[in-house]
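To start, the structure under review is shown below, and the notes come after it.
Just so you know, all these numbers are worked out from the coordinates, no wet-lab data involved. Every value quoted in this text rests on a predicted model; they were computed, and no experiment measured them. Methodologically, a virtual Cβ is constructed for each residue, glycine included, from the backbone with ideal geometry; neighbour enumeration extends over all protein chains shown.
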Amino acid sequence: MGNACKAGKEGKEMSKSVIRIMTTQDYEDIHALNTELGYAYDKDKVYKKIIAILEAGNDILLVAEMEGHVVGYAHGAPYETLYADNLLNTVCFCVKENLKDGEAIGNELYEAFEARAKKFGYKGIRLSLDLEREKAHELFIKHGFETKRSMNHYIKYFQ
């Protein structure tokens, strides 16, 4: 996927893949994955966002890397409410479309994501999914997720 990104960092070995913490060097591949998801966000802004999120130290940012390229990523952020224990909100979870072994990579990425959430004391994982992302629905149901309610997604951007 996308442009070259440097390999490295300790990670969980998979068949030809590694799950590791995201670095700023991954920004071009992350931008390409975001574009594949339909998010046309400036590449330089993606780079700056990765820096800011990593420096804040509150979020979980993992990537799945194959042959020097990021082919998937998971981004989780704290979700604190007055009606539930602390949860990790899944901001984004994606694996490159039409990737050979994409399902296996998605499972490995999810398992590492959940393990990290547990390590940091979260009591569960929350997520919202586009109805059209059928493979993602299958993956999360396979990992024990349940649909709790039907909701609309609203965003208001400030000028």
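Each of residue 142 and residue 156 was given a label point 7 Å from its Cα along the Cα-to-Cβ line. The distance between the two points is 4.0 nm. Comparing Cα centroids, segment 76-90 and segment 21-59 end up 22 angstrom apart. All other residues whose Cβ lies under 12 angstrom from that of residue 84 are scored, Lys and Arg at +1 and Asp and Glu at -1, for a net of +1. As a rough guide to protection, the peptides 139-148, 60-69 ranked by mean Cβ packing within 10 Å, highest first, stand as 60-69, 139-148.
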